[in-house]
Ligand SMILES: Nc1ncnc2c1ncn2[C@@H]1O[C@H](COP(=O)(O)OP(=O)(O)OP(=O)(O)O)[C@@H](O)[C@H]1O
Ligand SMILES: [Mg+2]
């Protein structure tokens, strides 16, 4: 049965999509069956993986699943062996109002995914940078949360908002939600700021597990813009090694518990 992991942070541009994609490839390379779900109306993950083909999924995407206009079996795209995608679409933001007014609005994604969970080991959900109904649906259906963050002043302060939201979700819709860890992203030693912020982060949130730090890497940015994983772009580089380490860490944390 799949473990569902939300990659979430209400702050924009911290690396949610980059981490969802490359962690997904890493887990698939290690023989795990992975389903990626893009629940961001910006559809960056979907566009990265299938490009203009996104236009073909107007009637079969995460939004139509949540409004129950489509069935989950018809919304899954095979990216490669062990790696599947439920795409987002240009029309997802238009679905938001419909979902907000629908019965059982917080559990629409949970219900939609339920029947395919036995077919996967991991479901990774890429979330939008906002605290709306899409993020609430993701967290409600997730076992775990991974929070990527940038080691800047506001990046560290912003963690509190995520923790508050997780607390609310635990109280209202999903008491089993667990913080798998924080992932410091875009780390560089070119200035002292990230190292200082990392120390602050550990002091401010001593109970939050800190996972592998992902280095700031031009290769990662280029791979992302070409829609390919870091393993295909520069398999022996620092960023690829960091993602491999992160995947092993996730496996140890999630599967060690079984
Ligand atoms: N470690 C890194 N090194 C260099 N560039 C990175 C790194 N991680 C992410 N980026 C780049 O930063 C930008 C934002 O990353 P990404 O799109 O993954 O963030 P996001 O949190 O998904 O953004 P949004 O909140 O808009 O969905 C992208 O251009 C991406 O290529
Ligand atoms: Mg994104």
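Applying the selection to the stretch 192-225, what residues are under 22 Å from the mean Cα position of the chain (by Cα), assigned to a helix (DSSP H, G or I) and either at pLDDT 90 or above or closer than 14 Å to residue 155 by Cβ (or both)? Give the derivation first.
Filtering the stretch 192-225 down to residues under 22 Å from the mean Cα position of the chain (by Cα) leaves 198, 201, 205, 207-225.
Keeping just the survivors that are assigned to a helix (DSSP H, G or I) gives 198, 201, 218-225.
Matches in the stretch 192-225: 198, 201, 218, 219, 220, 221, 222, 223.
As an exercise: evaluate residue 66 against (1) surrounded by fewer than 23 Cβ atoms within 10 Å (Cβ to Cβ); (2) touching a residue at least 60 places away in the same chain (Cβ under 8 Å); (3) closer than 17 Å to residue 137 by Cα and give the number of the one condition it does not meet.
(1)
Kindly provide the set of residues from the stretch 2-21 that are part of a loop (DSSP other than H, G, I, E, B) and either within 8 Å of ligand 1 (Cβ to nearest atom) or on the phi > 0 side of the Ramachandran plot (or both), ordered by number.
Those that are part of a loop (DSSP other than H, G, I, E, B) and either within 8 Å of ligand 1 (Cβ to nearest atom) or on the phi > 0 side of the Ramachandran plot (or both): 9, 11, 12, 13, 14, 15.
Report yes if some residue within the stretch 44-51 is assigned to a strand (DSSP E or B) and touching a strand residue (DSSP E or B) at 6+ places or on another chain (Cβ under 9 Å); otherwise report no.
So in the stretch 44-51, the residues assigned to a strand (DSSP E or B) come out as none.
No, the conditions are met nowhere in the stretch 44-51.
Please specify each residue of the stretch 51-75 satisfying the condition of being within 20 Å of residue 19 (Cα to Cα) and in contact with a helix residue (DSSP H, G or I) (Cβ under 8 Å, 6 or more places away or on another chain).
Across the stretch 51-75, the qualifying residue is only 62.
To keep it simple, each residue is scored yes or no on (1) surrounded by fewer than 24 Cβ atoms within 10 Å (Cβ to Cβ); (2) within 21 Å of residue 168 (Cβ to Cβ); (3) within 14 Å of ligand 1 (Cβ to nearest atom).
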| residue | (1), (2), (3) |
| --- | --- |
| 100 | yes, yes, no |
| 103 | yes, yes, no |
| 106 | yes, yes, no |
| 112 | yes, no, no |
| 115 | yes, no, no |
| 125 | no, yes, yes |
| 132 | yes, yes, yes |
| 137 | no, yes, no |
| 142 | no, yes, no |
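The values are calculated or read from the model by the stated rules, or taken from the named source; none is laboratory data. It should be emphasised that the depicted structure is a prediction, and the values quoted were computed from it without experimental measurement. All Cβ positions, even for glycine, are placed from backbone atoms using ideal geometry, and neighbour counts span all protein chains on display.
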